[in-house]
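The values are calculated or read from the model by the stated rules, or taken from the named source; none is laboratory data. From a predicted model like this one, the values you see are computed outputs, not experimental measurements. Here the Cβ positions follow ideal geometry from the backbone for every residue, glycine too, while neighbour counts run over all protein chains shown.
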Amino acid sequence: MARARRTPLRRRSVFMGATISEEPWPRPAAQEKHDNHRTERYDQHLVTRSPPVDLPAYFLRIGYSGPRGATLEVLNGIMAAHVRSIPFENLDVLLGRPISLAPADIARKLVDERRGGYCFEHNTLLMHVLEALGFRVVPLSARVRIQQPREYIPARTHMFLRVALDGESWLADVGVGALSLTAALKLETDTRQSTPHEPRRLVREGTWTGFAQRAPDARLIHQAYFADTWNDVCEFTLEPMPEIDRVLGNWYTSAHPASHFKQRLIAARATAEGRVSLVNRELRVRGRDGRAEMRLLETPEELLVVLAESFDLRFQPGTSFKCPALDWPDQGSAKQKNPP
């Protein structure tokens, strides 16, 4: 009696009771015929197929005129120029406008209209640019931990990028607010890594075997050093973030009433001297040494001036941002209305 042929299954490994994260790069073409299911999974969800990108328009937007090969020098140059030129902001969320992740919509908003956005917009745009230049990129998921205690579990609604270069992995994140990276981080732990701005490091927690196997509670913490201490930025497990997860995370971030982007106004960008950020009415200018100066905005009109002068974000006079935390001293003095 002939033995039934078993259907190939995606190989899974178990380490201390948890599924092990596997190397998220596609296998050589010669191996594809042996595992059609797995090849389809990588093609559809992990190794993205980018749409055409208007590279000249993007480079003009960020003021980048350097080389364009798939090298670490180019990656760092593009990241630094991107974070200095395209602000992080959530203003469309407060204006009640939907956030689209369609590549054409992201390019129109961040490049053509000279607006900013949050992680899904910034890092999706960067992902498409890098892939157009020949980089191998995988989107990863994370939980943002900025100013959050370790016992608090934030939603997994952050996207950043893993980039393969010469057999090594580098992390790129131009969409994490006032701590967006201005240079890529090498995927190695417990090492202080320099950037044009704050020093960074990746801290390993729980049991790992290399970066391929981990215990169920194991995680990596991305930290930035400023104000004389290490500060958590985000936590992650190297789990890829396929498109459907990005769509779901983007919806929660922009539309769910409990999303913190619905509760406060945020804008940030890097500068040659440091960083400038705005949270509600608090404008902070932080130098490369980590020291910050803060002033409190007093009127809605001053807010529009600051958005234009500090972030190059220009809105019509009288634009009102629906935000519970914008507690102006005299609400009755400002008669605002939403733009059409």
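A few comments on the model shown:
- Residues that are in contact with a Pro (Cβ under 8 Å, 6 or more places away or on another chain), farther than 17 Å from residue 74 by Cβ and either without any contact (Cβ under 8 Å) to a residue 24 or more places away in the chain or surrounded by 22 or more Cβ atoms within 10 Å (Cβ to Cβ) (or both), drawn from segment 145-175: 159, 160
- Among the residues listed as 278, 313, 283, 307, the single one being touching a strand residue (DSSP E or B) at 6+ places or on another chain (Cβ under 8 Å), aliphatic (A, V, I, L, M), in a loop (DSSP other than H, G, I, E, B) and modelled with pLDDT of 95 or more: 313
- Filtered residues of segment 243-259 (kept if surrounded by fewer than 19 Cβ atoms within 10 Å (Cβ to Cβ), outside any loop (DSSP other than H, G, I, E, B) and either on the phi > 0 side of the Ramachandran plot or not acidic (Asp, Glu) (or both)): 244, 247, 248, 251, 252, 255
- Residues that are part of a helix (DSSP H, G or I) and either over 23 Å from residue 220 (Cβ atoms) or of a type in the set (Phe, Trp, Tyr) (or both) within segment 260-269 comprise 261, 262, listed in sequence order.
- Residue selection: residue 121 fails the criterion of being out of contact with any helix residue (DSSP H, G or I) (no Cβ under 6 Å at 6 or more places or on another chain) and of a type in the set (Asp, Glu).
- Residue 83 being touching a Lys or Arg at 6+ places or on another chain (Cβ under 7 Å), in contact (Cβ under 8 Å) with a residue 60 or more places away in the chain and in a helix (DSSP H, G or I): yes
- Among residues of segment 176-194 being out of contact with any Leu (no Cβ under 6 Å at 6 or more places or on another chain) and crowded, with 17+ Cβ neighbours inside 10 Å, the one that is farthest from residue 292 (Cα to Cα) is 183.
- Any hit, segment 127-137, residues being buried (at least 19 other Cβ atoms within 10 Å of the Cβ) and in contact with a Gly (Cβ under 9 Å, 6 or more places away or on another chain): no
- In the set (1) surrounded by 19 or more Cβ atoms within 10 Å (Cβ to Cβ); (2) closer than 16 Å to residue 260 by Cα, the condition left unmet by residue 79 is number (2).
- Flag if residue 115 is buried (at least 19 other Cβ atoms within 10 Å of the Cβ) and of a type in the set (Lys, Arg): yes
- Options 67, 98, 56, 103; residue that is in contact (Cβ under 8 Å) with a residue 40 or more places away in the chain, farther than 30 Å from residue 280 by Cβ and either of a type in the set (Lys, Arg) or surrounded by fewer than 19 Cβ atoms within 10 Å (Cβ to Cβ) (or both): 103
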